[in-house]
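K.L.:
Below are the C-alpha cells for one structure; questions will follow.
Please treat every number below as a calculation from the coordinates, not as lab data. Keep in mind that what you see is a predicted model, and the values were worked out from it rather than measured. FYI the Cβ positions are ideal-geometry reconstructions off the backbone, even for glycines, and counts take in every protein chain you see.
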Amino acid sequence: MSKMSRPLLVLHPDQDFSAHVQRAAGKRYQVRHALSWSALRAMTREAPPGAVIVDPYTEAQQHGPAPALEAFLRDFAYVPVIAALEMRTGFRDLLVLARWGLSEVISLDHEILPEAVRQRLRAIEGWGLRSALRRSIPRDLPGPTASILFAAADVAVIDGNTTSLARTLGVSRRTITRWCARAALPPPRRLLAWMRLLFAAELLDDWTRKVYQIALASGYSSDNALRTALAAFLARTPKELRREGAFETVSGCFWEELRQLRQAHRNGRVHGRLPGTSSDHLGESSRA
C-alpha cells in the first residue's frame, strides 16, 4: 500500500507557529487552516484528519479554555487533538484539558519548534484506533499480544506495511512474523489489514460521513478498495455494516478470528519469542 498524506487541521492565530507546523508535517500530512471552531468542525466532517492542532483559547469568552474545544473533543472523540499554548499562562488549565480528553500539549514557551510538533505528531499516530481497541479488547488478552496490536494500530493507516510494523517494535520483518505466529495473531500483513478495517468501521458508525471520505482517511486508495476489503474479510457492504453497527460487527469478527487462532495454537507448536519475554528482543533491535 502506498503512503498517503492525511489532513492536519490547524486552528491557531500564531503565524510563526503555523509555519513550524508546516515544516514538521512534511509530506506525511496536508496542512489545512481553519479560521473558527465552526469551520474546523465542518472540515473535520468533510475529511477525517490525522490530527488537529489548536489554540485552546480561540474564541474563549472568559478565562480558561474555550467551551468550543470541549464540545469538539466530545463530538469528535476519535480525532487526536493537540493544544499549543504558553505554559506560563496556561499551566493551570492543563488539568481541565486532560479531563476534556485532549491528546497532547505543545509548550510554545519551553519547547524547540518544529521538533516538538514533529514529536507530538509521531506520538498520536494510531490514537483513534488505539482508543477504539481499548474499548473492545478482551480482558484475557496477554500483554505482549496487546503490544503487537497497538503497534499495528499505530502504523496501519499511515504506512500499512510489515516493514513499518517491524521498525516500530525494533525488530526484523522475519521476527515480527514469528512473534505474530507465537502470539496466535494473523500474519502481519493480514493484521494490518484488520487494523485499517477497524478504523474504517469506527468512522462508518458516523452516518454523516461519505464512504469515499472514510476510505481515504483509513488508508485506502478509493472507496472501491475499501468495499473490496470489506467483502473479502466480512462479506458485507458499508451500508450493511452501518445498519448492524460497524465497529461492533467488525471488531466482533476480528476478535473471533483471534479466538480461533489462539485455540489452534494451544498445543504450543509455534516457538517464536514475544516482546518483553526475552533478551532476544534487544538483540534484534540492534540488528534491525
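K.L.:
So if the hydrodynamic radius of the stretch 128-264 is defined as the Kirkwood radius over C-alpha pairs, what does Stokes-Einstein give as its diffusion coefficient at 4 °C and 1.567 mPa s, in µm² per second? List each step's numbers first, then the result.
P.N.:
Values: Rh = 15.0 Å.
D, rounded to a whole number, is 86 µm²/s.
K.L.:
Sticking with this structure for a sec: Starting from the Kirkwood radius over alpha-carbon pairs of the chain, derive D by Stokes-Einstein at 37 °C in a medium of 0.692 mPa s and give it in µm² s⁻¹. Before the final figure, lay out the partial values.
P.N.:
Values: Rh = 20.1 Å.
D, rounded to a whole number, is 163 µm²/s.
K.L.:
How large is the charge dipole for the chain, taken about the Cα centre, if only the Cβ atoms of Lys, Arg (+1) and Asp, Glu (-1) carry charge, to the nearest 20 debye? Can you show the working numbers first?
P.N.:
Numbers: 40 positive and 28 negative charges, 287 e Å.
So the magnitude is around 1380 debye.
K.L.:
Give me the net charge for the shell around Met87: Cβ to Cβ below 15 angstrom, other residues only, Lys and Arg +1, Asp and Glu -1. Mind dumping the intermediate values first?
P.N.:
Details: positive: Arg88, Arg92, Arg120; negative: Asp14, Asp55, Glu86, Asp93, Glu104, Asp109, Glu111.
With Lys, Arg at +1 and Asp, Glu at -1, the neighbours total -4.
K.L.:
I would also like to ask the following. To the nearest 10 degrees, how steep is helix 188-204 against the longest Cα principal axis of the chain, on a 0 to 90 scale?
P.N.:
40
K.L.:
When Trp100, Trp194, Trp179 are ordered from fewest to most other Cβ atoms inside 10 Å of their Cβ, what list results?
P.N.:
On the way: Trp100 19, Trp194 23, Trp179 27.
The order, fewest Cβ neighbours first, is Trp100, Trp194, Trp179.
K.L.:
Hey, got the dipole for the stretch 135-199? About the Cα centre, +1 on K and R Cβ, -1 on D and E Cβ, debye to the nearest 20?
P.N.:
Working: 10 positive and 3 negative charges, 40 e Å.
Dipole of the stretch 135-199, to the nearest 20 debye: 200 debye.
K.L.:
Over the chain, what relative contact order in percent results from Cα pairs under 8 Å that are six or more residues apart?
P.N.:
On the way: 405 pairs, mean separation 46.9, N = 288.
That works out to 16 percent.
K.L.:
Select from Leu129, Leu192, Leu97 the residue whose mean-square fluctuation is largest in a Gaussian network model of the chain (Cα-Cα springs shorter than 10 Å).
P.N.:
Leu97
K.L.:
Kindly identify the stretch 61-133 as rounded, prolate or oblate by the Cα gyration tensor criterion: order the square roots of the eigenvalues as a ≥ b ≥ c, call it rounded if a/c is under 1.5, otherwise compare a/b with b/c, prolate if a/b is larger, else oblate. Intermediate values should be presented prior to the final figure.
P.N.:
Numbers: a/c = 2.43, a/b = 1.09, b/c = 2.23.
Because a/c hits 1.5 or more and a/b fails to exceed b/c, the stretch 61-133 counts as oblate.
K.L.:
What list of ³J(HN,Hα) couplings, whole Hz, do you get for the stretch 177-182 from phi and the Karplus terms 6.51, -1.76, 1.60, once you set θ to phi - 60° and write x for glycine and proline?
P.N.:
Karplus-based 3J(HN,Hα) across the stretch 177-182 equals 5, 5, 4, 4, 5, 5 Hz.
K.L.:
For the modelled label position 7 Å from the Cα of Ala146 along Cα-to-Cβ, which residues of the stretch 110-131 have backbone nitrogen atoms closer than 14 Å?
P.N.:
Residues 130-131 fall inside that zone.
K.L.:
Quick check on the stretch 91-163: take the gyration tensor over C-alpha atoms, sort the square-rooted eigenvalues as a ≥ b ≥ c, and tell me if it's rounded (a/c under 1.5), prolate or oblate. Write out the running numbers ahead of the final one.
P.N.:
On the way: a/c = 3.00, a/b = 1.51, b/c = 1.98.
Judged from the Cα gyration tensor, the stretch 91-163 comes out oblate (a/c at least 1.5, b/c at or above a/b).
K.L.:
Here's another thing I want to ask about it. Ala71: net charge of surrounding residues, Cβ under 15 Å, Lys/Arg +1, Asp/Glu -1, itself excluded?
P.N.:
Details: positive: Arg41, Arg45, Arg74, Arg99; negative: Glu59, Glu70, Asp75.
Summing Lys/Arg as +1 and Asp/Glu as -1 gives +1.
K.L.:
To continue, here is another question. Determine the calculated [θ] at 222 nm for the chain from helices alone, applying -39500 (n - 2.57) to every DSSP H run no shorter than 4 residues and normalising by the residue count; nearest 500 deg cm²/dmol.
P.N.:
Taken over the chain, the calculation gives -16500 deg cm²/dmol.
K.L.:
Would you please give the residues with an amide H less than 5 Å from that of Glu86, counting only those at least 5 places away or on a separate chain, with H modeled from the backbone geometry?
P.N.:
Leu108
K.L.:
Also, I was wondering about something else. What's the ranking of 54-61, 78-85, 239-246 by average number of surrounding C-beta atoms within 10 Å, highest first?
P.N.:
Values: 54-61: 17.9, 78-85: 22.9, 239-246: 15.8.
Packing order, densest peptide first, comes out as 78-85, 54-61, 239-246.
K.L.:
For q values of 0.18, 0.20, 0.21 Å⁻¹, compute log₁₀ I(q)/I(0) with the Debye formula on a Cα-only model of the stretch 6-124, without solvent.
P.N.:
For the requested q values the scattering log ratios are -0.88, -1.12, -1.26.
K.L.:
Right, another one. Given +1 on the Cβ of Lys and Arg, -1 on the Cβ of Asp and Glu, and no further charges, what dipole in debye does the stretch 6-124 carry about its Cα centre, rounded to the nearest 20? Each step should come with its number before you reach the end.
P.N.:
Working: 14 positive and 13 negative charges, 106 e Å.
Computed about the Cα centre, the dipole is about 520 debye.
K.L.:
Below 8 Å, C-alpha to C-alpha, sequence gap of six or more: please give me the relative contact order for the stretch 128-264 in percent. Walk me through the numbers on the way to the answer.
P.N.:
Values: 134 pairs, mean separation 32.0, N = 137.
Answer for the stretch 128-264 is 23 percent.
K.L.:
May I pose another question? If R₀ is 51 angstrom, what is the calculated FRET efficiency for the pair Asp206 and Arg88, using the beta carbon separation as r and rounding to 0.05?
P.N.:
Values: r = 38 Å, r/R0 = 0.75.
So the FRET efficiency works out to roughly 0.85.
K.L.:
With point charges of +1 on the Cβ of Lys and Arg and -1 on the Cβ of Asp and Glu, referenced to the Cα centre of the chain, which listed residue (Ala151, Tyr78, Leu185) lies farthest in the positive direction of the dipole?
P.N.:
Farthest along the dipole direction, towards plus: Leu185.
K.L.:
Residue by residue, what Karplus-based ³J(HN,Hα) values in Hz, rounded to whole numbers, does the stretch 32-49 have, using 6.51, -1.76 and 1.60 with θ = phi - 60° and x for Gly and Pro?
P.N.:
10, 9, 10, 9, 7, 5, 5, 5, 4, 5, 5, 5, 5, 6, 5, 8, x, x
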